[in-house]
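Engineer: I have a structure I would like to understand better, so I am pasting it below and will then ask my questions one at a time.
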Amino acid sequence: MMALSKKMLEQEPSEIEMLLPWHAAGTLNARDARRVEEALANDPELARQYAAVRGEYEETIHLNESLGAPSARAMQKLFAAIDAEPARATGSLPLSARIATFFASLSPRALAWSASLGAIALLLQAGIIGAVLMKTQTATFQTASLSTGAPITRELGAAAPSRALVRFTPEARVADVTALLDSYQASIIGDAKGGMFRLQFDKAMSQDELTALLGRMQREKFVNLAVAAP
Amino acid sequence: MSVTQAATDEVLIARIAQGDRLAMQVLYGRHHVRVYRFGLRLVRDEQTAEDLISEVFLDVWRQAGKFEGRSAVSTWLLAITRFKALSALRRRKDFELDDEAANAIEDSSDDPETVVQKKDTSEALRECLTGLSPDHREIVDLVYYHEKSVEEVAEIVGIPENTVKTRLFYARKKLAELLKAAGIERGWP
């Protein structure tokens, strides 16, 4: 550690020696401050140098503080110059400035209430979605049963979007389900018996297409079962 | 929104960009003394230093819309002040920014014998701080009085960070030499 301080002026200063003034001013980051503290604790010569730095620091502040303050003339001159400036077009501020201005305009109390309300809304939303998932996923495994009331003839006219029944794994989170639905361009249109969700795709598919798609879906990490809906 | 003391410098700058005079007054109130002192230490003339303040804050009024917030507002102000001070010094016929001029400035302070007669280490230290070259004086002030980090000093002065560190080290060495010549030993170097 003794090597950290240099006795002779001809020698190149060490990194720690060069950081001493910033340590005295308290403007070092935590890592460098710790390095300097450790070096000071182990190197008496460096500690002596630091004492000199502290003296320079204090006297520099004293010297600057003794310089006084400018007269009111400077401010008068400034605002006279500002008055003489051409009127400023009140263009819109950059987004970052608008956000900063908006939050700065809120009182601390308003800001605290806004944050609290936002947090409550998030909790409520998460709670509702979570409750639905928990309720449906605690059921034992069941296959979807064919509805006996379903028509046995196909509808004529424009083909209806394809539908499916899907059961998600118990560990599936809301974000996982949402991502899966997005990737298959499907949406949940209701929950069915046995923890199955009724899904509707955004287009009509042939039987083969739907079978292939459901086969792929069945292999997804968060899907237990995917079958065509009646 | 009313401009309150709680508004950050960045918010004030955003409002100044919209032409808010009140925000300008608040920013001026916060920073004009430090700007003045930094300028005064560079130009060494109170009248010129006062003129500098008006010029610096008028630049802020004009350029506020271009402030990107990549550095602290105080750092931006000191960088403008330094630029304006150097311009003012260049305009002065009796000043040239070279070592000869720096030496001439050093000569204007008390010689070591005078300093030692004051028998007051603190006062002698302040005298020696005044006797440093402009480059050394500037960096000592920025680090000790304006409490600027290595990165901020590099930005204000326009030199690499390593140069900031070595320049301050050699400013301190010069200070030690001046003190030693005045018969004052501080235990370093």
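The values are calculated or read from the model by the stated rules, or taken from the named source; none is laboratory data. Please read these numbers as outputs of a predicted model, since none were measured by experiment. Positions of Cβ are generated from backbone atoms using ideal geometry, with glycine treated the same way; all protein chains shown enter the neighbour counts.
Engineer: Just one of (1) in contact (Cβ under 8 Å) with a residue 60 or more places away in the chain; (2) of a type in the set (Val, Ile, Thr); (3) within 14 Å of A:Leu63 (Cβ to Cβ) trips up B:Val143, so point out which.
Structural biologist: Single failed check for B:Val143: (1).
Engineer: Return the residue satisfying two criteria in turn: it lies in region A:13-34 and is surrounded by fewer than 16 Cβ atoms within 10 Å (Cβ to Cβ) and in a helix (DSSP H, G or I), and of such residues it is nearest to the other protein chains (Cβ to nearest Cβ).
Structural biologist: Across region A:13-34, the extreme among qualifying residues is A:Glu15.
Engineer: Related question: Whether any residue in region B:144-167 is at pLDDT below 90 and within 14 Å of another protein chain (Cβ to nearest Cβ) is what I want to check.
Structural biologist: For region B:144-167, residues at pLDDT below 90 and within 14 Å of another protein chain (Cβ to nearest Cβ): absent.
Engineer: Suppose we filter region B:132-189 for residues that are outside any helix (DSSP H, G or I) and of a type in the set (A, V, I, L, M, F, W, C); how many remain?
Structural biologist: Within region B:132-189, residues that are outside any helix (DSSP H, G or I) and of a type in the set (A, V, I, L, M, F, W, C) number 5.
Engineer: Take region B:29-45 and flag every residue that is free of Cβ contacts under 8 Å to residues at least 24 places away in the same chain and within 8 Å of chain A (Cβ to nearest Cβ).
Structural biologist: Passing the criteria: B:Val33, B:Tyr36, B:Leu40.
Engineer: Looking at (1) assigned to a helix (DSSP H, G or I); (2) within 11 Å of another protein chain (Cβ to nearest Cβ); (3) surrounded by fewer than 21 Cβ atoms within 10 Å (Cβ to Cβ), can you tell me which one B:Val26 breaks?
Structural biologist: (2) is the only condition that B:Val26 fails.
Engineer: With a cut-off of at least 3 residues that are surrounded by fewer than 17 Cβ atoms within 10 Å (Cβ to Cβ) and without any contact (Cβ under 8 Å) to a residue 40 or more places away in the chain, name the strands (runs of 3 or more DSSP E) lying wholly within region A:163-223.
Structural biologist: A:186-191
Engineer: Any idea how many residues of region B:10-19 are surrounded by 19 or more Cβ atoms within 10 Å (Cβ to Cβ) and charged (D, E, K, R)?
Structural biologist: Looking only at that region, the number is 1.
Engineer: Quick one: how many residues across region B:46-86 are facing chain A (nearest Cβ under 10 Å) and of a type in the set (Gly, Ala, Ser)?
Structural biologist: 5
Engineer: Moving on. From (1) under 18 Å from the mean Cα position of the chain (by Cα); (2) in a helix (DSSP H, G or I), pick out the condition that doesn't hold for B:Leu12.
Structural biologist: For B:Leu12, the exception is condition (1).
Engineer: Moving to a separate point now. With the condition kept exactly as written, say whether any residue in region A:49-56 is surrounded by fewer than 12 Cβ atoms within 10 Å (Cβ to Cβ), part of a helix (DSSP H, G or I) and not aromatic (Phe, Trp, Tyr).
Structural biologist: No, the conditions are met nowhere in region A:49-56.
Engineer: I've got another one for you. Which numbered condition trips up A:Ala72, out of (1) within 22 Å of B:Val33 (Cα to Cα); (2) facing another protein chain (nearest Cβ under 9 Å); (3) surrounded by fewer than 21 Cβ atoms within 10 Å (Cβ to Cβ)?
Structural biologist: A:Ala72 satisfies all of (1) within 22 Å of B:Val33 (Cα to Cα); (2) facing another protein chain (nearest Cβ under 9 Å); (3) surrounded by fewer than 21 Cβ atoms within 10 Å (Cβ to Cβ) except (2).
Engineer: Name the residues in region B:76-128 that are within 21 Å of A:Ser66 (Cβ to Cβ), among the aliphatic types (A, V, I, L, M), in contact with a Phe, Trp or Tyr (Cβ under 9 Å, 6 or more places away or on another chain) and modelled with pLDDT of 60 or more, would you?
Structural biologist: Correct list: B:Leu78, B:Ala85.
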